[in-house]
Every structure is written in structure tokens, then in C-alpha cells.
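The values are calculated or read from the model by the stated rules, or taken from the named source; none is laboratory data. Keep in mind it's a predicted model, so treat the numbers as computed, not measured. Backbone-built Cβ (ideal geometry, glycine too); neighbour counts: all protein chains shown.
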């Protein structure tokens, strides 16, 4: 872990200004070889649950991020292991808290935006933060909830939840049929998942050619911002 922070403090990747991006960049440089020297550098299978209170208000957005095998393997390097060959939960808890502190940075904002009627809804400190080692697949997952500072009704104005890394270092997927749920929502509610727009082949090739330490030019920044996974929640 100290090596990761060392990389961050050298300024070599000043653009990657928090622990998570320092970790994935180091993994790309030292583990993955030449084919990984491009955007994106980390892949996350994500799940989302929209959570309501007894009054029918949206109160929080819970997510589970399952990191790809290569990053998971890198993340546990240098950590002690139990007799089962997995990191102790206490160590995973430290990693989870470090990540959430880093992701609180305004540039990242947990890679999540919750909005209603065009207004971004403020969220409080993440709750239920937990990193879990998935022994069956040897992958690391991160669970957390983003509570709304002010719960909202969704019966008049729909709510949109967008998930994306604006710099396209992290690529998300919501692939399983039950990747987006609203288990405690009123019966009238419907959550519709919308995939990101497909990138133009030429733009995709340009993004793929940018190394970990590279900076996205303005036109590619705009293109990366279109890669948002959106969930549109309505309760008519």
C-alpha cells in the first residue's frame, strides 16, 4: 500500500489525484503490459438499488461495484492473508474507507450523479461501506449507499441516476437482468436502465490510444462524458 501512495506523491500522475486512480494506474503500468496502456484501465460490473422510506420517498442509492480480476489481484498485493488465502476483513475495511474518502473528491463525487428536474440532489456521507473478497471468482467488490440529504417524492418529477467516470479511466457495465432494482419502491414506480451511447469508432480508437499519464483533449472529454449509465426512475 505504501508503494501506491508513493507513486501518487511523486506527481508522476498528478492528474490522477486520488488513491483509486493511483492504484489502477500503477496496476496498468506494472502488471498488465503494453495492451493495457490505454483507456479504460479498470472494469467494474455494477449493481444499483434505489431505496425508499415508508412514506414513498427516495432516500438513498445503494451500489455494488465488482472489480475486474486483474485489478482485484493487484489491490490485495502486500496485504496479509488468512488461512483461506484472502485478505483479512479488517484490511478490506481500511481499503473501502480509503476509496470512499478518495471518491468524495468533487472531481469524482463517487462517479454518481442523482438529479431531479435538472437539479442535482445533494448526498450525505456514504453509509454501509464494505469491501468484500469474492472467493468464488477471486474478485474484490465494494458496497456503499449514498443517502440523499433531503428525501424526495418521485410521483411528479422523475429522478435520474447517472454513473460514469468522467475521465474514462473506469468503465462500468450493468449487465445482469437484476442489476438495477427498487425493492422498497411504491408499486407504481419503474426504474428504466439506459446504456451509454455507442462511441464513434474513430473516437473510441483515439481514447484507446491515450496512456495512463495522458490528458484527454477537450473533444475527448466531451465524448467521455456521454458514456454515462443512466437509470430513470418514475413513480406516476
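From the residues in the range 67-91 that are out of contact with any helix residue (DSSP H, G or I) (no Cβ under 8 Å at 6 or more places or on another chain), assigned to a loop (DSSP other than H, G, I, E, B) and without any contact (Cβ under 8 Å) to a residue 40 or more places away in the chain, which one is farthest from residue 46 (Cα to Cα)?
The qualifying residue farthest from residue 46 (Cα to Cα) is 83.
Going residue by residue through the range 193-210, is there one that turns out to be part of a loop (DSSP other than H, G, I, E, B), within 19 Å of residue 42 (Cα to Cα), at pLDDT below 90 and under 16 Å from the mean Cα position of the chain (by Cα)?
yes
Does the range 113-131 include one or more residues that are on the phi > 0 side of the Ramachandran plot, modelled with pLDDT of 90 or more and touching a strand residue (DSSP E or B) at 6+ places or on another chain (Cβ under 6 Å)?
yes
Which of the numbered conditions does residue 98 fail, given that it passes all the others? Conditions: (1) over 13 Å from the mean Cα position of the chain (by Cα); (2) modelled with pLDDT of 90 or more; (3) surrounded by 14 or more Cβ atoms within 10 Å (Cβ to Cβ).
(2)
Kindly check whether there is at least one residue in the range 55-70 that is surrounded by 15 or more Cβ atoms within 10 Å (Cβ to Cβ), within 20 Å of the chain's Cα centre (by Cα), under 30 Å from residue 115 (Cβ atoms) and modelled with pLDDT under 90.
no
Checking residue 188 against (1) outside any strand (DSSP E or B); (2) under 16 Å from the mean Cα position of the chain (by Cα); (3) under 20 Å from residue 54 (Cβ atoms), which single condition isn't satisfied?
Unmet condition: (2).
Anything in the range 118-155 that is closer than 18 Å to residue 186 by Cα and not in a strand (DSSP E or B)? List them, or say none.
Matches in the range 118-155: 153, 154, 155.
With the condition kept exactly as written, say whether any residue in the range 156-169 is in a loop (DSSP other than H, G, I, E, B), in contact with a strand residue (DSSP E or B) (Cβ under 6 Å, 6 or more places away or on another chain) and closer than 20 Å to residue 123 by Cα.
yes
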